[in-house]
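The values are calculated or read from the model by the stated rules, or taken from the named source; none is laboratory data. Remember, predicted model here, so these are calculated numbers, not experimental data. Here the Cβ is made from the backbone with ideal geometry for all residues, glycine too, and neighbour counts use every protein chain on show. Heads up: the accessible areas ignore ligands, DNA and RNA and are worked out on the full protein's heavy atoms, side chains in. Shrake-Rupley method; radii C 1.70, N 1.55, O 1.52, S 1.80 Å.
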Protein chains: 2
Amino acid sequence: MFNLTWSPSEKKIARAAFDHALAVANEKRLAEFKAKASAVTSADDLWKIEEALREDRETFDKMFDYRYSQLPVVFAWTIREGYLEDSAIAGLSEDKRDIIRRMVETKWER
Amino acid sequence: MFNLTWSPSEKKIARAAFDHALAVANEKRLAEFKAKASAVTSADDLWKIEEALREDRETFDKMFDYRYSQLPVVFAWTIREGYLEDSAIAGLSEDKRDIIRRMVETKWER
């Protein structure tokens, strides 16, 4: 999607930011699951839980895509979702941060 | 699968037994889910929960099949799984009970 060059130091920053966002996202998923699971009272609720787990898994599989071409999208999405602070990618080049910033600000369809 | 005639009183017994087995099975599923959910500690566990929910749902969809041709299999399976007492189908004809009993006793592949 993006033809950007990533310096070795940028790659390090990207890896750390990606791993951090994934850890935060997983923790949030876990907490949300625990809350939903403890509210389950019927077998029907189990279908809903199963569906929510499946949808989340599909979103995660799709969104946490560690290819350099995809990272700007990943970072924009994780910042929007609250999984990543903007400061975590402060060491990236200005062109990358600009692309990410613009994506963060764009209203988009999930 | 089976060409058996069901009298009105047998149909009533079958309906009650089926509904009872389903309620017991759902309660068991629910309790098992709650136990598993409370033991979840990582995102990886969530994939396992999702898969277990899906497998259970598929088994239930397949097994709780209220067609008269299927009921002997349903009753045999639910008795084996501990969802139904043999006494719940005591009012069925001897030929039906015999078929069910033989299936309960047969070693079968799930």
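In summary, helices (runs of 4 or more DSSP H) completely within the range B:8-110 and bearing 3 or more residues that are within 30 Å of A:Glu58 (Cβ to Cβ) occur at B:8-38, B:43-63.
Looking across the range B:78-110 at every residue that is of a type in the set (Lys, Arg) and closer than 21 Å to A:Ala43 by Cβ, the one that is surrounded by the fewest Cβ atoms within 10 Å (Cβ to Cβ) is identified as B:Arg110.
Taken over the range A:1-30, the residue count meeting the criterion of being farther than 24 Å from B:Val40 by Cβ and not aliphatic (A, V, I, L, M) is 11. Answer yes or no as to whether B:Phe75 is closer than 23 Å to A:Trp47 by Cβ, at pLDDT 95 or above and either away from chain A (no Cβ under 11 Å) or open to solvent by less than 50 Å² (accessible area, probe 1.4 Å) (or both). It is false that B:Phe75 is closer than 23 Å to A:Trp47 by Cβ, at pLDDT 95 or above and either away from chain A (no Cβ under 11 Å) or open to solvent by less than 50 Å² (accessible area, probe 1.4 Å) (or both).
Residue-by-condition table, conditions (1) more than 7 Å from every other protein chain (Cβ to nearest Cβ); (2) within 12 Å of the chain's Cα centre (by Cα); (3) open to solvent by less than 40 Å² (accessible area, probe 1.4 Å):
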{"site": "A:Lys28", "(1), (2), (3)": "yes, yes, no"}
{"site": "A:Glu32", "(1), (2), (3)": "yes, no, no"}
{"site": "A:Ser38", "(1), (2), (3)": "yes, no, no"}
{"site": "A:Ala43", "(1), (2), (3)": "no, no, yes"}
{"site": "A:Leu46", "(1), (2), (3)": "no, no, yes"}
{"site": "A:Ile49", "(1), (2), (3)": "no, no, yes"}
{"site": "A:Met63", "(1), (2), (3)": "yes, yes, yes"}
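Tell me the residue from B:Ala23, B:Ala16 that is at pLDDT 95 or above, facing another protein chain (nearest Cβ under 10 Å) and exposed (fewer than 14 other Cβ atoms within 10 Å of the Cβ), please. Step by step, each of B:Ala23, B:Ala16 is checked, and only B:Ala23 is at pLDDT 95 or above, facing another protein chain (nearest Cβ under 10 Å) and exposed (fewer than 14 other Cβ atoms within 10 Å of the Cβ). Modelled with pLDDT under 95 and within 20 Å of B:Leu46 (Cβ to Cβ), is that true of A:Ala39? So A:Ala39 passes the test.
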